[in-house]
Amino acid sequence: MSFSRLAASTHTSAATAQRPLHRPRLTGGAEIATLVDRCQVGLDVQAVFFFQTDPAALPDAVKQLTARTQVHLATAVTGPDNMIAAVVVPHTDDVYRLLAEELPYLPGDRHVRVHLVNAFIKESGMTFHDGRRQPVDP
């Protein structure tokens, strides 16, 4: 939301809406982020990839993996898989393309499994009810 839209919705001027955030933004104390319902912008498919990667190649694999815009979560984990990544794409064909054409070329790749996400339950402080995001009560 722009400052002018924020101002209009709070019945103030754009300068008044922007003032409390101006200094923290300049000093790095505040960052403005936008929460977007992925389905509303055509990103209907979410998948989770489980990787078995050579441990020595893990830092390079993570770097190359997170350079892809589809990846919104990547983490090193313990267990039989040592890296997990969550992606969001418009169509299941995009998941297959990643699995078949891009991910096998990550450094140290041994094996990749993929699971499609059927339903969201909770994500980043939001719950999903009747297909809509709702804030979690504190």
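Derivation of every value follows stated rules applied to the coordinates shown; laboratory data play no part. Bear in mind the structure is a predicted one, so any value in this text is a computation, not a measurement. All Cβ positions, glycine included, derive from the backbone under ideal geometry; neighbour counts span all protein chains shown.
Full extension of the chain segment joining Val41 with Thr92 gains 16.8 nm, where the gain is 0.36 nm per residue of separation less the Cα-Cα distance. Highest average first, the peptides 22-29, 70-77 ordered by how many other beta carbon atoms sit within 10 Å of their residues are 70-77, 22-29.
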